Structure formats: structure tokens, C-alpha cells
């Protein structure tokens, strides 16, 4: 624990700008080079393996590019940035109706007398919310309710946080259509939004089962022997008072129905009409307007909530722009393909299946430094996507490696603000949480490795 107290990781924005500076230095050191590209059978532009060639007589980039690349990155990523803002605004209006909190709280209370069902339904609710609309910070207000229920059933705060964090982490890692991770990564990789959904649906239950069994075993151990609790000697990790939760009103039921209908329309529009960020942004804005009207929210309040939700993601938008700037710097210096060629060589040597596993571990390590899902996508996918072309796996496999590395590691890395915020609220020392979560992380990484190898073997698209 003392080690993590002393460890100070710079702000993600600082790390990203440091990577921009590093990218600039690489343009001065590495030889310029380029792969030939072609359009594959799926209509996506991919690099052609074995066509890398050094480019002679290139001019060095001016120092001024260290500054101009930032607005260029923001301009280049404006589509996804504004889409993220709209999503944030829509979710804020949705949260303001109280429908999501009321529904989740009802699930928790409904199964509060049955520990196994409470853990199952609670984790499932958190996982589905994260898998579909990218919920994470929105769960924090429910911590007090969840802890009180768990402690009342002779479980502890670690079990309660396990239900929430493991649920949302697995939801992110096997996300079906998370707009902040899957859609962003697929956009960068040049893939159709929500493509490959069938495989992700298939792997959701096995990974969810691993998480459920882990949390359930710990909860049963604590119920049998309270001294077995990892926080039995931590006074700060005692349950707070549970807030009062009112019954779900008919307006909130209609809000939930409108949300479900919206998700169905999104999948239909993408599959049938190839909707992209403009259409998707329009749908989520419509959701904000409809849910506000259903709940009889004044227009001024709707506007204020929408702005507040969008403003919460300004930092995320900047991270996306800064991350895109890294790719621009490397592309301007014509060394992006040089890096891809260098990194691909050891992966080519071990074959497609092991290469896919290697991608997973690379993404898992990078998540420590770049915990932002969308930021990590923009940093890594411009490199990992063409690497996948070279090593003989689809870009969809590269996206899967990214989302697993990002989602699963969110449950353990101390740079994840959501995790550390929840632990702080509950008074759980990070060292105690680490002892709880590391065996599950090992299982998830092993299962993830097998999944990546399988995805490469079947030609997952």
C-alpha cells in the first residue's frame, strides 16, 4: 500500500503530450517508410504485408509542429469528440429522470434477501449497462445502497464493490456496443460500427460466469467466517447509511422503455442503414429530448443537465484529440509504418494465434498508463490495426484485444479514477482490493488469451 501511495502517475493529458513529444523525436531518429495498401473483401483499407519500403530524402518536421499538431488532432477527431459530448449530455438527462438509479436500486432490493441472486442480478445489471451505453461513473451513487444490502446479509464492503466493479469491468471487456470503447476503436480501425457483435455476445456469458463465481465464493466465505473479510480490521470500510429510494414511477418506466427502444433502433440503423456518428448522435439527442418530456422536465433543466453531462466529458474529448495528434505526428513524419513494421516482426514470427494473444497483453499493459478507453483506442489502434494486417489476423481481432485489455484492467489499475473513487468512498485500501481482485484478473487474462487465439483461428470479422 505504501508503494502505491508513493507512486505518482502523471495526468493522462501529460502522458499523451509526452507521447507527442516522443513521436516528434522518433520522426527525427527513425527512417521514413511506407507500406502499400489495398481494399480487402470487406471494403476496408489494409496494409499489404511484405511491401514495406524506406522513403529517401524526407524533410524533418519543424519544431512548431509540436504545438500545431494539437488543434489538428482535435479537428481530425471532431466527429467522435462531438459524438461523445452528445452521449454525455443524453446520459445526464437520462440520469436526471432518476429512472436508471431507481431501476438498479429496485433490482438490488428485489433480491436483497437472496445473496446469490443479489450478486447475480446486481453484476448483470452493471455489466449490461456498461456493455451497451458505457456506464461507469453513473454507478457510484448506488454504492451506499449496495453496501448496506450486502452487509445486512453478512457480506462485507469488498463483496459489494466486487459486484459493481467486476460487473462493469466485464461489461467493458466484452462490450457489445459501448460507444466510448467499441465504436471508437472500430472507427479508428476502419471497421463498421458494432460489427462482430455475434462473437462478443457469445463470449459475454463465459467471462461473466468467471466474475460471478469469484465474487460469490468470496461472499460465501465471509458469510461463513466474518473474520475472513479482507477489511475486517479497517474501520473506514464500514457501511454508510443507505439512502431512501422511492418506487419507480410510470414516467420512469416509460423512460426505461424509451432507452431500450433507442438501443434497438441504434443496432437496426447500423446494420440496415449503415448509420454512423451523425445519425447515432441524432438518435441519442432525441433520446434526451424524449426522456425529458416523458419525465416532465422543464426545458431549461433539460438544457442545464445536457450541458452538465457534456461538460463532464470535455476532458475525454481533449484526450481523444491529443491521442489523435500522436498518429498525425507519426504520419507526418512518415514513421508510423516504420514502427508498425518493427513491432510486427516478432509477432509474425510466432504465428497469428500467439500474435493475437500478444496484442491483448500489450493493450493490458498500456491501460495502466492510459486508463481512458477512448484515449487508448486513438493511441493504440492506428498501430495495432495495421499490425493485425501484417500478422494475418483481422482488424476486428485487434479491436477485441484492445477492449479486453482496457475493460478487464480497469478493475485493478490504480490509475482508473472510477475504481479509486469507489474504493475511496467505501474506505477500502487499494492493497486489500488488490488481494481480492488479482486471482480473478489472472483467470480473465488466461481466458482472454484463449479467446484471442480462438478469434484468430476462426477468422473473426
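Annotations
- Restricting 129, 112, 79 to residues that are surrounded by fewer than 22 Cβ atoms within 10 Å (Cβ to Cβ) and either at pLDDT below 75 or out of contact with any helix residue (DSSP H, G or I) (no Cβ under 8 Å at 6 or more places or on another chain) (or both) narrows the list to 112.
- Test: residue in the stretch 146-156 that is in a helix (DSSP H, G or I), under 15 Å from the mean Cα position of the chain (by Cα), buried (at least 19 other Cβ atoms within 10 Å of the Cβ) and without any contact (Cβ under 8 Å) to a residue 60 or more places away in the chain: no
- Checked against (1) modelled with pLDDT of 80 or more; (2) buried (at least 17 other Cβ atoms within 10 Å of the Cβ); (3) farther than 23 Å from residue 432 by Cα, residue 218 meets all criteria but (3).
- Filter result (farther than 20 Å from residue 285 by Cβ and modelled with pLDDT under 80) within the stretch 93-109: 101, 102, 103, 104, 105, 106, 107, 108, 109
- Residues of the stretch 290-310 that are touching a residue at least 60 places away in the same chain (Cβ under 8 Å) and in a helix (DSSP H, G or I): 291, 292, 294, 301, 302, 305, 306, 307, 308, 309, 310.
The values are calculated or read from the model by the stated rules, or taken from the named source; none is laboratory data. Nothing here was measured: the structure is a model prediction, and the numbers come from that model. So basically every Cβ, Gly included, is an ideal-geometry build from the backbone, and we count neighbours across all protein chains shown.
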